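The next block holds one structure in the form of structure tokens; read it before the comments.
The values are calculated or read from the model by the stated rules, or taken from the named source; none is laboratory data. All values reported here derive from a predicted model rather than from experimental measurement. Reconstructed Cβ throughout: ideal geometry from the backbone, glycine too, with neighbour counts over all protein chains shown. Ligands, DNA and RNA are stripped out before the accessible areas are found, and what is left, the full protein with its side chains, is counted by its heavy atoms. Shrake-Rupley method; radii C 1.70, N 1.55, O 1.52, S 1.80 Å.
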Amino acid sequence: MKARVHITLKPGVLDPQGKAIHHALDSLGFSGVDDVRQGKYIELDLQETDREKARADVEDMCRKLLANTVIERFSIDLD
Amino acid sequence: MKARVHITLKPGVLDPQGKAIHHALDSLGFSGVDDVRQGKYIELDLQETDREKARADVEDMCRKLLANTVIERFSIDLD
Amino acid sequence: MSDVISPAIIQEHGLNEEEYARIERVLGRAPNLLELGIYSVMWSEHCSYKSSRLHLKKLPTKAPWVICGPGENAGVVDIGDGQAAIFKMESHNHPSFIEPYQGAATGVGGILRDVFTMGARPVANMNALRFGAPEHPKTRHLLSGVVAGIGGYGNCVGVPTVGGETDFHPSYNGNILVNAMTVGVAEIDKIFYSAAAGIGNSVVYVGSKTGRDGIHGATMASTEFSEDTEEKRPTVQVGDPFTEKRLIEACLELMSTDAIIAIQDMGAAGLTSSSVEMASKGGVGFALDLSKVPCREDGMQPYEMMLSESQERMLMVLKPGHEAEAQAIFRKWELDFAVIGQITDSGNLSLTFEGDLVADIPVPSLTDDAPIYDRPYVQPSPRAPLGPDQVARPDDYGAALLQLMGGPNLSSRRWIWEQYDHMVMADTIQRPGGDAAVVRVHGTQKALAISTDCTPRYVAADPKEGGKQAVAETWRNLTAVGATPLAITDCLNFGNPERPQIMGQFVGAIEGMAEACHALDYPVVSGNVSLYNETNGTGILPTPAIGGVGLLKNAQRMAGLALRRTGNRLILIGK
Amino acid sequence: MKAALITFPGSNCDRDMAVAIKSVTGRDPIAVWHSETTLGDVDFIALPGGFSYGDYLRCGAIAARSGIIPEIIRAGKRGVPILGICNGFQILTEIGLLPGALMRNAGLHFICRDVPLRVETSQSVFTGGYRTGSVVHMPVAHHDGNYFVDPDQQKRLDDEDRIAWRYCTKSGEVTPQANINGSVGNIAGVLNESRTILGMMPHPERMIDPAHGGTDGRLLFESALSMLATL
Ligand SMILES: Nc1ncnc2c1ncn2[C@@H]1O[C@H](COP(=O)(O)OP(=O)(O)O)[C@@H](O)[C@H]1O
């Protein structure tokens with residue numbers, strides 16, 4: 001099974017990369033952009049076939065490693 | 001309108017980050033993972049309200065800035 | 001082992017008809033596709049130096065302090081107290097133009113491997129960069145990508161990037177130059193060479209897995225590959241400095257034992273050039289079982305394994321019975337380790353895959369029988385010197401000075417070197433910004449001074465004088481910090497050698513370099529040639545980048561260029 | 001006095017840190033590999049700079065899950081002084097011994113240069129030798145030194161006098177221009193509640209000998225280790 005994890009900065013945490021991209025887009029002439037936020041996207045190929053278990057596993061991975069919950073939050077999609 | 005962009009390495013391109021994460025998950029005892037790939041996830045708030053135009057704009061942004069099309073590919077979702 | 005080798009396939013492998021006929025002659029039969037791929041790699045300009053070899057012989061390479069001159073992975077000079085400095089410079093021009101970050105990063109990775117493969121701990125990196133006109137639409141992107149890539153790799157492996165040079169000129173608009181240099185320090189009795197020896201000894205693969213990186217050639221015309229594999233074959237290699245760092249530590253750890261007979265990094269042509277060079281230097285054969293090669297992806301074919309340019313890999317020959325000891329070290333550093341073959345007395349490179357013999361080539365035919373060209377050349381007539389009366393006198397000297405100092409070729413390079421960790425290892429005692437960088441030899445009173453220099457427009461105006469000048473400039477920069485210059489490495493970047501004018505620049509520059517090296521007792525111990533640097537038939541400015549290394553016996557005697565006190569006198573020496 | 005120097009795959013300032021420790025104590029620190037699971041009786045723990053695990057995923061994230069970490073946390077809670085420099089600071093935040101997180105520099109570039117720092121507190125084993133309010137110079141070399149804590153935490157750090165250094169101008173003013181990497185409040189280093197654990201981005205170990213261009217970093221090792229040397 002494939003799991004897709006999105007890790008994004010919590011609201012209120014300043015996003016230097018998003019800001020820099022926004023700025024770069026502006027200077028390339030893309031003017032209609034109000035905000036840019038950059039996050040991480042991680043794809044996992046899992047052996048687990050049970051969706052419930054897979055989700056629980058990936059949540060555990062996020063909490064233990066993939067996300068830093070001081071500044072980030074995560075969401076999980078399963079195929 | 002919100003655009004969500006996923007930027008991932010083309011298949012076959014070495015992903016050192018994915019490799020290191022995979023290894024770390026292994027040593028944390030998450031054994032059922034076959035593969036890990038890491039990509040970028042970018043959220044854009046656009047002023048544009050026309051979907052067609054928005055998509056064309058974001059594609060242009062991807063090609064000009066957001067993605068490195070030599071080694072990466074991108075996909076765009078619009079709200 | 002039969003494939004139909006069409007003229008199109010031959011051409012796509014960068015071989016001409018004559019060269020193909022030569023392959024059939026030395027092999028005594030037609031090659032199969034895999035063998036053709038191996039010849040194409042070994043006979044390429046990059047590996048065979050077929051256009052440059054005749055002229056490179058003119059460079060002086062000996063001095064009492066030279067331990068190993070050109071021909072090995074890097075040059076070695078004695079720096080006293082049983083220690084040696086090992087260094088080399090290499091180009092990564094084309095990959096950096098295609099993908100500046102990864103191209104420059106993997107350039108740094110490659111030159112580091114050339115140095116630590118000989119037993120040296122890398123202690124300093126340098127970079128000589130040439131970009132197009134500042135206002136050219138691509139320049140900004142290329143410059144920022146290259147600088148980020150050099151920093152991204154060098155900073156992570158923990159080797160300080162202590163200096164370099166950066167020029168801008170429109171002739172590099174479509175062909176930038178990225179030349180990277182590494183200097184390392186080794187114990188003289190712990191220097192490792194690449195000549196394989198000992199029939200029956202294990203050939204061992206260590207480092208990263210092999211992927212389908214950077215494989216070119218006649219792959220599309222071949223039936224062996226589906227379109228699907230084509231799509232999966234990235235032309236750009238991605239560097240993994242974290243793996244390189246572990247590879248450095250693991251190799252140095254193994255080198256401190258008594259296990260290694262020979263070692264060679266897998267450079268541009270990967271498994272092919274490393275195995276052929278090791279076998280050729282040792283006068284032995286190699287039997288490799290490609291099924292044992294650690295692969296990153298499923299279904300990889302022998303052709304792909306032999307031509308892959310995946311990074312961070314090495315090949316070694318171990319003393320019998322040392323496999324387990326070596327494996328334990330590579331395990332500790334979490335790197336792949338595989339015995340992939342043995343040394344044989346056949347004199348052949350014999351490759352098997354899944355039980356079948358897939359290639360069988362006499363090793364000397366790949367090296368000794370490679371073509372050598374004496375390409376026709378015309379020496380350009382030197383441009384007439386410009387007299388002071390031919391230049392208009394500026395109205396305002398102050399304004400002229402400001403304009404010069406603010407110009408792209410003289411302005412401060414701080415933006416560049418601040419992106420490089422130039423202090424890691426805590427031995428950098430002259431940081432970027434001076435005449436030469438100075439790095440202490442750890443734990444001693446000594447220090448090494450390093451400078452890279454070349455003024456391409458001088459070389460264009462008069463190749464011979466320009467070649468001389470580039471060598472002399474490094475010499476001056478080293479002496480200016482108080483060092484005794486020892487030797488140089490070079491990276492000779494030129495256009496298409498099949499054009500007599502370009503070949504003339506090449507020959508002239510070498511002759512000039514040779515003259516300067518002789519006069520200064522300052523030999524060439526390693527180097528690299530990069531030809532065909534041109535776009536749409538216009539060559540780059542001829543750019544023989546020189547990297548000089550000197551020794552300060554007493555680091556405290558180092559001189560800098562800062563003016564220390566008001567009232568100090570300024571003295572002009574020379575005419 | 002027993003100092004432990006923890007190294008991870010990708011650490012690259014471990015030798016520099018060992019040299020600094022030895023030059024002050026006269027003794028080599030004990031080298032502890034990340035996968036070990038016992039520390040023994042140590043009086044001081046140093047986490048060096050570098051790129052553990054290539055800085056992949058997040059700086060320090062993978063190192064923070066190493067076998068030796070539970071021991072470090074236990075020692076820290078017992079009051080053993082811990083110094084984390086650069087990547088070591090990132091690891092200390094990842095394991096929760098120090099608050100906050102270190103993000104990509106606001107300018108997005110790697111920055112390597114000497115910077116002025118204002119000493120914010122001399123109330124710790126590490127900063128005891130410096131005068132509060134004085135300006136010292138140390139090099140930085142990082143890509144991810146942009147310190148973030150939420151406003152409540154920041155206030156707590158301020159109130160409890162736990163900010164060790166701030167980026168400042170040469171004359172000691174804490175201004176936005178002097179903030180090289182976007183850190184909240186120009187923070188360059190912080191202490192834990194019991195003031196025994198210090199994380200900082202600048203590299204004192206690269207400023208211990210006149211050949212480095214200054215010796216402002218030496219005092220940090222002297223303050224911490226001279227106190228411990230009596231043990
Ligand atoms: N690409 C670079 N990387 C690091 N340092 C550089 C680079 N380019 C120039 N420098 C540094 O900038 C300073 C000035 O360079 P340059 O003008 O070539 O020196 P000079 O002409 O005095 O030899 C030198 O100290 C050099 O090492």
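Could you tell me whether the stretch C:299-320 includes any residue that is surrounded by fewer than 23 Cβ atoms within 10 Å (Cβ to Cβ), away from chain B (no Cβ under 14 Å), over 20 Å from the mean Cα position of the chain (by Cα) and over 26 Å from C:GLY355 (Cβ atoms)?
Yes, there is a match, as at least one residue in the stretch C:299-320 is surrounded by fewer than 23 Cβ atoms within 10 Å (Cβ to Cβ), away from chain B (no Cβ under 14 Å), over 20 Å from the mean Cα position of the chain (by Cα) and over 26 Å from C:GLY355 (Cβ atoms).
So A:GLN47 ticks every box in (1) at pLDDT 95 or above; (2) surrounded by 13 or more Cβ atoms within 10 Å (Cβ to Cβ); (3) within 8 Å of another protein chain (Cβ to nearest Cβ) but one. Which box is left unticked?
Single failed check for A:GLN47: (2).
Return the residues of the stretch C:404-423 that are touching a residue at least 24 places away in the same chain (Cβ under 8 Å), in a loop (DSSP other than H, G, I, E, B) and either away from chain D (no Cβ under 14 Å) or near the ligand (Cβ under 10 Å from one of its atoms) (or both); say none if nothing qualifies.
Within the stretch C:404-423, C:PRO408, C:ASN409, C:ARG413, C:GLN419, C:TYR420, C:HIS422 qualify.
Pick out the one residue from D:GLY172, D:GLY133 that is open to solvent by 40 Å² or more (accessible area, probe 1.4 Å), at positive phi, modelled with pLDDT of 95 or more and small (Gly, Ala, Ser).
Sole residue among the options that is open to solvent by 40 Å² or more (accessible area, probe 1.4 Å), at positive phi, modelled with pLDDT of 95 or more and small (Gly, Ala, Ser): D:GLY133.
Please verify whether the stretch C:507-520 includes one or more residues that are over 20 Å from C:LYS62 (Cβ atoms) and open to solvent by 10 Å² or more (accessible area, probe 1.4 Å).
No, every residue in the stretch C:507-520 fails to be over 20 Å from C:LYS62 (Cβ atoms) and open to solvent by 10 Å² or more (accessible area, probe 1.4 Å).
Tally the residues that are more than 12 Å from the ligand (Cβ to nearest atom) and acidic (Asp, Glu), restricting the search to the stretch C:447-456.
0
Consider C:LEU143 against the criteria (1) open to solvent by less than 10 Å² (accessible area, probe 1.4 Å); (2) within 11 Å of the ligand (Cβ to nearest atom): it satisfies all of them except one. Which criterion is unmet?
The single condition C:LEU143 does not satisfy is (1).
Being out of contact with any Lys or Arg (no Cβ under 8 Å at 6 or more places or on another chain) and within 16 Å of the ligand (Cβ to nearest atom) is the filter here; which residues of the stretch C:123-133 pass it?
Matches in the stretch C:123-133: C:VAL123, C:ALA124, C:ASN125, C:MET126, C:ASN127, C:ALA128, C:LEU129, C:ARG130, C:PHE131.
Among (1) touching a strand residue (DSSP E or B) at 6+ places or on another chain (Cβ under 9 Å); (2) within 24 Å of C:VAL162 (Cα to Cα); (3) part of a helix (DSSP H, G or I), there is one condition D:ASP144 misses while meeting the rest; what is its number?
Of the numbered conditions (1) touching a strand residue (DSSP E or B) at 6+ places or on another chain (Cβ under 9 Å); (2) within 24 Å of C:VAL162 (Cα to Cα); (3) part of a helix (DSSP H, G or I), the odd one out for D:ASP144 is (3).
Against the condition closer than 20 Å to B:GLN38 by Cα, within 9 Å of chain B (Cβ to nearest Cβ), at pLDDT below 95 and open to solvent by less than 80 Å² (accessible area, probe 1.4 Å), how does A:ILE42 come out, does it pass?
It is false that A:ILE42 is closer than 20 Å to B:GLN38 by Cα, within 9 Å of chain B (Cβ to nearest Cβ), at pLDDT below 95 and open to solvent by less than 80 Å² (accessible area, probe 1.4 Å).
Between a residue in the stretch B:50-76 that is at the interface with another protein chain (Cβ under 9 Å from one of its Cβ atoms) and any residue that is among the β-branched types (Val, Ile, Thr) and surrounded by fewer than 14 Cβ atoms within 10 Å (Cβ to Cβ), which pairs come within a Cβ distance under 7 Å, given they are 6 or more apart or on different chains?
Every condition considered, the pairs that remain are B:VAL70/C:ILE98.
Can you confirm whether the stretch C:472-490 contains a residue that is within 15 Å of the ligand (Cβ to nearest atom), assigned to a strand (DSSP E or B) and under 21 Å from the mean Cα position of the chain (by Cα)?
yes
Among residues belonging to the stretch B:21-33 that are open to solvent by 70 Å² or more (accessible area, probe 1.4 Å) and within 12 Å of chain C (Cβ to nearest Cβ), point out the one that is nearest to A:LYS53 (Cα to Cα).
Checked the stretch B:21-33; the qualifying residue nearest to A:LYS53 (Cα to Cα) is B:ASP26.
Using the structure shown, decide if C:VAL363 is open to solvent by less than 40 Å² (accessible area, probe 1.4 Å), within 16 Å of the ligand (Cβ to nearest atom) and either more than 14 Å from chain D (Cβ to nearest Cβ) or under 27 Å from the mean Cα position of the chain (by Cα) (or both).
For C:VAL363, the condition - open to solvent by less than 40 Å² (accessible area, probe 1.4 Å), within 16 Å of the ligand (Cβ to nearest atom) and either more than 14 Å from chain D (Cβ to nearest Cβ) or under 27 Å from the mean Cα position of the chain (by Cα) (or both) - is not met.
Among C:VAL459, C:VAL438, which is the only one that is open to solvent by less than 40 Å² (accessible area, probe 1.4 Å), under 22 Å from the mean Cα position of the chain (by Cα) and away from the ligand (no atom under 13 Å from the Cβ)?
C:VAL459
Let me confirm something: among C:ALA359, C:ALA328, C:ALA324, C:ALA338, which residue is outside any loop (DSSP other than H, G, I, E, B), touching a Leu at 6+ places or on another chain (Cβ under 6 Å) and closer than 30 Å to C:LEU307 by Cα?
C:ALA359
Report, ordered by the first and then the second residue, all pairs with beta carbons closer than 6 Å, sequence separation of six or more or different chains, a first member in the stretch C:508-527 that is part of a strand (DSSP E or B), and a second member that is open to solvent by 10 Å² or more (accessible area, probe 1.4 Å) and not basic (Lys, Arg).
Note: pairs meeting the criteria are C:VAL524/C:LEU59; C:VAL524/C:THR61; C:VAL525/C:VAL66; C:VAL525/C:GLY69; C:SER526/C:PRO70.
I need the strands (runs of 3 or more DSSP E) fully contained in the stretch D:28-119, keeping only those with at least 3 residues that are open to solvent by 20 Å² or more (accessible area, probe 1.4 Å).
In the stretch D:28-119, the matching strands (runs of 3 or more DSSP E) lie at D:30-33, D:111-119.
Yes or no: the stretch B:55-69 includes at least one residue that is surrounded by 15 or more Cβ atoms within 10 Å (Cβ to Cβ) and hydroxyl-bearing (Ser, Thr, Tyr).
Checked against the condition, which is being surrounded by 15 or more Cβ atoms within 10 Å (Cβ to Cβ) and hydroxyl-bearing (Ser, Thr, Tyr), the stretch B:55-69 yields no hits at all.
Here are the criteria: (1) touching a Phe, Trp or Tyr at 6+ places or on another chain (Cβ under 9 Å); (2) away from chain C (no Cβ under 14 Å); (3) in a helix (DSSP H, G or I). Tell me which single one B:GLY18 does not satisfy.
That leaves (2) as the condition not met.
Which residue pairs have Cβ atoms closer than 6 Å, lie 6 or more positions apart in sequence or on different chains, and pair a first residue in the stretch C:137-157 that is within 8 Å of chain D (Cβ to nearest Cβ) with a second residue that is open to solvent by less than 40 Å² (accessible area, probe 1.4 Å) and within 12 Å of the ligand (Cβ to nearest atom)?
If the second residue must be open to solvent by less than 40 Å² (accessible area, probe 1.4 Å) and within 12 Å of the ligand (Cβ to nearest atom), the pairs left are C:GLY151/C:GLN419; C:GLY151/C:TYR420; C:ASN155/C:ASP421.
Given the structure, is C:PHE337 of a type in the set (A, V, I, L, M, F, W, C), surrounded by fewer than 22 Cβ atoms within 10 Å (Cβ to Cβ) and over 19 Å from C:GLU35 (Cα atoms)?
Criteria met by C:PHE337.
Could you please let me know if C:GLY164 is at positive phi, open to solvent by 10 Å² or more (accessible area, probe 1.4 Å) and away from the ligand (no atom under 16 Å from the Cβ)?
Taking the combined requirement at face value, the residue does not satisfy it.
Could you please give the count of residues in the stretch C:115-129 that are open to solvent by less than 10 Å² (accessible area, probe 1.4 Å) and either under 20 Å from C:GLY71 (Cβ atoms) or part of a helix (DSSP H, G or I) (or both)?
Qualifying residue count for the region: 5.
Look at the stretch C:130-169 and say how many of its residues are hydroxyl-bearing (Ser, Thr, Tyr), part of a helix (DSSP H, G or I) and over 17 Å from the mean Cα position of the chain (by Cα).
2
For D:PRO9, all conditions in the list (1) open to solvent by less than 10 Å² (accessible area, probe 1.4 Å); (2) under 24 Å from C:ASP421 (Cβ atoms); (3) touching a residue at least 60 places away in the same chain (Cβ under 8 Å) hold save one; what is the number of the exception?
That leaves (3) as the condition not met.
For the stretch C:443-456, how many residues meet the condition of being open to solvent by 10 Å² or more (accessible area, probe 1.4 Å) and over 19 Å from C:LEU486 (Cα atoms)?
Summing the residues that are open to solvent by 10 Å² or more (accessible area, probe 1.4 Å) and over 19 Å from C:LEU486 (Cα atoms) in the stretch C:443-456 gives 2.
Among the residues of the stretch C:160-182, which ones are in contact with a Pro (Cβ under 7 Å, 6 or more places away or on another chain) and aliphatic (A, V, I, L, M)?
The one that is in contact with a Pro (Cβ under 7 Å, 6 or more places away or on another chain) and aliphatic (A, V, I, L, M): C:VAL162.
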